[in-house]
Each structure stands twice: as C-alpha cells, then as structure tokens.
Amino acid sequence: MKKLKYYVLAAGLTLAVFSFSFREDLFLVSKNLDIFASLYKEININYVDETNAPQLMKTGIDAMLETLDPYTEYVPESEIEDYKLKYISTQYGGIGAATVLIDGKLFVNDVSEGYPANKGDVKAGDQILKINGIEIKGKDRTQISQLLRGPKGTPVDLTLMRDGKEIAKKLNRDEIKQPNVSYSGMVGDGIGYIRLDKFLENSGQEVKDALVNLNKENPKGIVLDLRNNGGGILQEAVKIVNLFVDKDQLVVIQKGKNAEKTITYKTQMMPVSSSVPLVVLVNGNSASASEIVAGSLQDLDRAIVVGQRSYGKGLVQQTFNLPYNSLVKVTVAKYYTPSGRCIQKLDYTHKDINGMAERFADSTIAMYQTKAGRNVYSGNGVYPDLVVNADKLSPVTITMINKSLFFNYANIFSKKTTKLASAKTFQVSDADYAAFVSTLADKDLTYQSRTERLLSDLRIEAEKENKSAEVKADLENLKYKLTSSKKNDLATHKAEIKRVLEAQIISRYFYEKGRIEQSFQYDKELAAAKTLFANQTQMLAILKGDGNYKVIGKPVKEPTSID
C-alpha cells in the first residue's frame with residue numbers, strides 16, 4: 001500500500017511540475033508577443049523614414065524561423081498559389097512554357113507538348129519582349145510568372161523576338177498539368193520503368209496506373225526511379241509502398257513532441273505488384289517522401305536500392321492556416337522506417353558559428369535490421385544496397401551551362417536541322433561537336449579548377465611561412481602545366497560535354513519524353529538494375545544480407561558504422 005501511495009505521489013509531483021512548466025511557457029509566449037507587437041508599432045509610427053509594414057513583418061518572421069530548420073516557413077497571401085504548385089498541386093493555368101533569364105533577357109527555355117505555347121508555335125530560344133503589352137525588362141521571376149499564369153481560357157498576347165524579327169503570338173491559357181510520373185514504359189530486356197519526379201496530389205494513383213500498364217507486358221523486373229525527387233506528401237508515399245507490399249504492413253511512423261503528431265502508417269489495400277522483382281533508384285537529391293519509399297521497401301526486403309546515398313531528410317512538415325489567408329509550414333515530427341531508423345542527416349538544434357546545421361555525430365549512428373535481418377543504419381540518408389558512383393561534371397562543362405552556351409548552340413542546331421530520326425538513339429556527331437566548339441572561340445570560359453584553388457592556397461601558406469622563394473619555381477611550373485591542361489579540356493571532357501549538349505538539343509524535337517528516352521543510353525544506374533534482374537542469384541544474395549553494400553565504379557567511403 002505504501003508503495004502505491006509513493007507512485008501516486010510521484011505521479012502527482014510530475015503532473016504539478018508539468019503544469020507549472022506549461023504555465024511558464026504560456027507566460028513567456030504571451031510576454032514576448034507583447035514585446036514584439038509594441039516594437040512593431042513603435043517602429044512603424046516613429047521611424048524617421050517611411051516603412052513597409054508587411055515587409056518588416058515578413059523579415060522579422062523569416063529571421064525567427066531561420067533559427068529553426070529550412071523547412072519551417074511562413075507563406076504570405078501573395079505567395080499562396082506558388083506554394084500550392086510547389087508542395088501540393090500539379091496543376092495551374094498557363095501556357096506550358098518554361099523560361100530562363102540570360103543577361104537580363106527572358107527566353108523560352110522549354111515548351112510542353114500539347115499545350116498552348118506548343119500549339120501556338122512558340123519555340124525554345126524565342127526571346128519574350130512583352131506579355132500582354134507589358135515589357136518584361138526589369139521584371140523579376142515572380143512578376144513574370146504572374147503575367148504568364150491565369151485562369152484557363154483567358155488570353156495571353158506575347159511579343160517575341162526570333163531571328164532578329166519581332167513576332168506576335170495570341171494564346172489562350174489552359175490548365176497545365178505537370179504529372180508526378182514523367183515517364184513510364186518498357187526499357188528493354190523485359191524491364192518496366194517508372195520515373196516519379198514528385199509526391200504531389202494523385203502521385204499514388206499515377207504510379208498505380210503506370211504499374212497496371214506495365215504488368216500487361218509481364219515484366220521480369222520493375223525499376224522505380226526516385227532520383228532527383230525531393231519528396232512531397234507523406235500519405236502519397238505510403239500509397240506507393242502499398243502498391244508493392246501486402247496489406248497491413250508498417251510503412252512509416254512519424255513521432256513529434258506533440259502526441260497528436262505521432263502517427264503510424266500501414267498499408268491499407270492489397271498490392272498491385274507484390275512479387276515482381278523491384279529496384280529503386282536513388283541519388284543525393286532523393287529526399288523526404290522518396291526516402292520513405294526507398295527506406296521502407298528496403299526495410300521490408302521488397303526492393304533493392306541502387307544508386308548513391310539519399311539526401312537524409314527525416315522530417316515531417318504540416319501547414320497551419322494563419323489570419324488574412326496566409327499560412328505557416330512547420331516541422332512537426334521525425335519519421336521512422338519499419339526497422340525503426342530515422343535517416344535525418346543534419347542536426348538543426350546544433351549549428352556552427354556560421355549558422356549552418358551540423359551532421360549528427362558518427363557515434364549517434366545506430367544499426368537496425370530489415371525484416372529478413374539485413375543490417376541498415378540510421379542517419380545520413382538511405383544507403384543503397386548497390387552503389388553506383390555518380391559522374392561529376394567537370395568545371396568546364398559547369399561553366400558552359402552557367403553561361404547558357406549549350407542553350408545557345410541548341411538554338412542554332414534546331415534552325416538548321418528540321419528533323420531528327422529518333423530520340424532513343426540520338427547522339428551528337430563529331431562534326432556537330434566541332435561546330436559547337438567553333439562557337440566558343442570568342443566566349444569567356446574562364447574558371448578555376450579545384451587543383452588551381454589548392455595551388456592558390458599553397459602559395460598563400462608558403463608566403464605565411466616565408467618559403468615563397470624556395471618553392472616559387474615549382475609553383476610556377478605547376479601553374480603552367482595546369483594552364484596547358486585546361487586548354488585541352490574540350491577534348492578531354494568531350495563525351496561528357498556531348499551528353500549535356502544532346503539533352504539540350506533533343507528536347508527541341510521530342511520534348512521531355514524524348515529527353516528521358518535519349519538519356520537511357522548513358523544511364524549507369526539503369527544498366528546496373530538490368531544487370532541485377534539478369535542475375536537472380538545476386539539479387540537473392542543481396543536480399544538475404546550476403547551481398548549488401550556492393551559498389552560499381554570507384555570505391556566510396558561507407559558510413560562510419562559500416563567500416
């Protein structure tokens with residue numbers, strides 16, 4: 001009996017402490033709100049110059065939220081539509097054209113097949129001078145977007161510059177749908193392929209529709225491509241996992257400080273494809289919902305993950321409505337895959353002197369096990385079962401991308417070449433490559449390679465240690481060799497440069513679908529998946545834990561806990 005009284009007393013003390021803490025928190029919130037409101041009022045009334053009250057408020061809010069994580073953000077009424085397009089809906093009213101600013105001039109960068117811009121013969125490379133009679137010079141991206149978008153059926157008058165001549169285009173806006181699944185189909189060797197770009201509204205249904213169509217071809221394997229997919233709606237991720245695993249399987253658990261935000265998500269339906277071998281492709285830009293799908297399918301031993309380690313975003317956001325049609329998106333929880341791991345990479349509660357979040361310490365990385373007993377690890381994203389090292393673009397290629405030199409040559413190419421035979425097999429010929437290189441003669445391709453940056457640092461260190469005279473000759477000789485080597489970069493990186501150029505050119509003829517199909521001939525991760533499907537022994541070895549963390553290409557450093 002005494003023991004029971006002790007527990008009751010302990011519980012009472014705990015409740016009292018909690019109540020006191022809760023009241024103290026409310027007092028501090030109220031106190032600081034009073035201070036902020038008074039400060040805001042005094043600044044607006046008494047500051048010597050005119051102030052922009054809404055901008056002051058947004059600046060204050062943004063600065064406050066910046067101390068948290070980059071996913072907690074305030075959205076004013078003026079930005080609601082852009083927010084919905086980015087995080088929720090895949091539809092908007094517009095003309096179906098992407099634009100790019102080059103040296104202050106606005107150009108059409110890409111057009112979507114079947115939409116008003118495409119039907120009205122607006123072409124990539126056209127310069128946009130006016131939208132509905134309004135000159136766009138000096139306008140920022142938000143202003144330009146607002147001019148181009150609008151309700152379905154409303155008119156848009158464009159004044160374009162093409163081949164040195166002004167031309168007028170009268171278009172009517174349509175409902176532009178940017179599908180979550182940008183491509184699906186058979187990609188040879190009996191392999192079905194689904195590319196999922198985002199997890200917005202209806203993404204689960206889109207993947208299901210694609211999977212049903214692929215199943216009609218009796219594929220011997222399915223590839224779900226989540227590379228460069230930054231995520232989206234958590235519930236859509238759960239639906240997609242459900243397409244491949246049985247009903248009532250744990251997919252993900254989200255856990256928050258607020259007990260109401262702790263939710264368990266399980267599969268609700270019978271699967272569409274529970275037995276066809278499955279490979280999921282990921283890379284360093286696969287985040288959030290992509291990692292839920294890849295991590296869950298890996299934990300349930302339903303799929304082999306191929307590619308590079310994913311981004312490492314293990315946080316869940318929820319939106320809350322605010323007065324005057326604004327809202328705030330708040331990180332409310334962390335999520336955990338079926339094995340119990342959280343793959344969050346950065347610790348936003350601990351930041352360095354520059355305000356940058358630090359990685360979780362290696363000592364905090366824990367080992368978990370999949371359903372079949374394979375070892376997987378928390379933190380640092382989802383690590384692939386089969387690593388295919390990514391190709392990194394050379395400095396010369398990045399420089400040409402930033403200076404829009406590929407875009408400019410694609411304009412020239414499309415004017416002299418009216419038709420291409422096939423997207424899947426298209427390659428830039430040596431003659432066309434030589435023609436491209438000839439257009440660079442008067443272009444500034446100045447850039448500093450990593451080796452040159454290191455050389456510059458070495459020179460500074462030598463000066464600090466008063467050793468400049470001793471190493472001067474060696475440093476100058478090395479600088480000369482590096483400069484000479486850079487002159488050969490267009491030949492050294494020819495294959496890489498051609499691939500980037502081909503992607504820019506092919507979209508002028510076959511749009512996004514053609515760009516994807518053309519890229520398959522260079523896709524190392526897709527090739528690795530095909531090799532896996534052809535080797536059932538290796539697939540089974542990986543799924544049993546006998547062959548996980550294999551590497552294709554140069555060795556990469558695995559997480560510390562795995563070394």
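Using just the helices of the chain, give the 222 nm mean residue ellipticity in deg cm²/dmol: DSSP H runs with n ≥ 4 each add -39,500 (n - 2.57), and the total is spread over all residues, rounded to 500. Display every interim value, and only then the final one.
Working: 17 runs with 223 residues, N = 563.
Computed ellipticity for the chain at 222 nm equals -12500 deg cm²/dmol.
Gain on full extension, evaluated as 0.36 nm per residue between Asn44 and Lys86 minus their Cα-Cα distance, stands at 11.8 nm.
Can you find, among Leu160, Gly230, Leu243, the residue farthest towards the positive end of the dipole of the range 95-254? Put +1 on the C-beta of Lys and Arg, -1 on that of Asp and Glu. The residue sitting farthest along the positive end of the dipole is Leu160.
Over 27 Å between Cα atoms, which of Lys170/Lys208; Lys152/Lys403; Lys257/Lys345; Lys220/Lys392; Lys84/Lys208; Lys415/Lys443 qualify? Intermediate results must be reported in sequence, preceding the final value.
On the way: Lys170/Lys208 38 Å; Lys152/Lys403 35 Å; Lys257/Lys345 19 Å; Lys220/Lys392 32 Å; Lys84/Lys208 23 Å; Lys415/Lys443 21 Å.
Pairs exceeding the cut-off: Lys170/Lys208; Lys152/Lys403; Lys220/Lys392.
Give the Kirkwood hydrodynamic radius (Å, one decimal) of the chain, defined as one over the mean of 1/r across all pairs of different Cα atoms. Could you put the intermediate results ahead of the total?
Numbers: mean 1/r = 0.0362 Å⁻¹.
Computed over the chain, the radius equals 27.6 Å.
Grab the beta carbon distance between Asp246 and Lys170, set R0 = 51 Å, and tell me the FRET efficiency rounded to 0.05. After rounding, the FRET efficiency stands at 0.40. Length available on full extension from Ala390 to Ser519: 0.36 nm per residue minus the Cα-Cα distance, which gives 45.0 nm.
Distance between the modelled labels on Lys334 and Ile460, one decimal in nanometres: 3.6 nm (7 Å Cα→Cβ projection).
Suppose the chain between Ser422 and Leu68 were pulled fully straight at 0.36 nm per residue; how much longer would it get relative to their current alpha carbon spacing? Before the final figure, lay out the partial values.
Numbers: separation 354, 0.36 × 354 = 127.44 nm, distance 4.96 nm.
So the extension gain works out to 122.5 nm.
Computed from phi, the 3J(HN,Hα) profile of the range 156-163 under the Karplus parametrisation 6.51, -1.76, 1.60 (θ = phi - 60°) reads 9, 9, 10, 10, 10, 10, 9, 6 Hz, with x in place of Gly and Pro.
Just want the answer: with Cβ charges of +1 for Lys and Arg and -1 for Asp and Glu, which residue in Thr99, Ala124, Leu171 is farthest toward the dipole's positive end in the range 91-177? My answer, from the dipole projection, is Leu171. Under the convention that each Lys and Arg Cβ holds +1 and each Asp and Glu Cβ holds -1, the size of the dipole of the chain around its Cα centre is about 980 debye.
Approximating the spin labels as points 7 Å out from Cα along Cα→Cβ, the Gln143-to-Ala53 distance works out to 2.5 nm. Annotation: amide H of Arg162 within the under-5 Å range of Ile167, sequence separation 5 or more or interchain, hydrogens built in the peptide plane. Treating r as the C-beta distance of Asp430 and Leu101 and R0 as 30 Å, the FRET efficiency rounds to 0.35.
Below 12 angstrom from the Cβ of Leu250, what's the summed charge of the other residues (Lys, Arg +1; Asp, Glu -1)? All intermediate terms of the calculation are to be shown ahead of the outcome.
On the way: positive: Lys247, Lys266, Lys371; negative: Asp246, Asp248, Asp299.
Around Leu250, the charge tally is 0.
Exposed loop sites here are chymotrypsin sites (Phe, Trp or Tyr not before Pro) assigned a DSSP state other than H, G, I, E or B and surrounded by at most 10 other beta carbons within 10 Å; excluding them, the longest clear run of the chain is 48-323. Count Lys and Arg as plus one, Asp and Glu as minus one, and take only other residues whose Cβ is under 11 Å from that of Lys329; the net charge is then -1. The order of Thr439, Thr399, Thr337, Thr267, going from fewest to most other C-beta atoms within 10 Å of their C-beta, is Thr439, Thr399, Thr267, Thr337.
Per residue, the convex hull spanned by the Cα atoms of the range 108-226 measures out at 142 cubic angstrom. For the range 144-153, backbone phi angles converted through the Karplus equation (6.51, -1.76, 1.60; θ = phi - 60°) give residue-by-residue couplings of 5, 4, 5, 6, 7, 8, x, x, 4, x Hz, Gly and Pro being listed as x.
Database remark: amide H of Val332 closer than 5 angstrom to the amide H of Val316, Gln317, Gln318 (H placed geometrically; neighbours at sequence offset of 5 or more, or on other chains; Pro and chain starts carry no H). Taking the charge dipole of the chain about its Cα centre, with +1 at Lys and Arg Cβ atoms and -1 at Asp and Glu Cβ atoms, the residue from Cys342, Ile80, Met57 reaching farthest to the positive side is Cys342. Charge dipole (Cα centre; +1 on Lys/Arg Cβ, -1 on Asp/Glu Cβ; no other charges) of the range 206-271 amounts to roughly 220 debye. Note on the range 91-177: percent of Cα-Cα distances in each 5 Å bin, starting at 0 and stopping at the bin with the largest distance, equals 3, 16, 29, 30, 17, 5, 1. Placing R0 at 56 angstrom, the Cβ-Cβ distance between Thr319 and Ala469 gives a FRET efficiency of 0.30 after rounding to 0.05. Rounded to the nearest 20 debye, the dipole size of the range 133-283 about its Cα centre is 360 debye, using +1 on the Cβ of Lys and Arg and -1 on the Cβ of Asp and Glu.
Net charge around Lys123, counting only other residues with Cβ within less than 11 Å of its Cβ (Lys, Arg = +1; Asp, Glu = -1)? Let's see the in-between values first.
Working: positive: Arg162, Lys169, Lys415, Arg508; negative: Asp110, Asp121, Asp126, Asp163.
Here the charged neighbours net out to 0.
We did not get these values from a lab; they are worked out from the coordinates using the rules stated. Everything numeric here is computed off the predicted structure, so don't read it as measured data. Glycine gets a Cβ as well: all are built from the backbone with ideal geometry, and neighbour counts include every protein chain shown.
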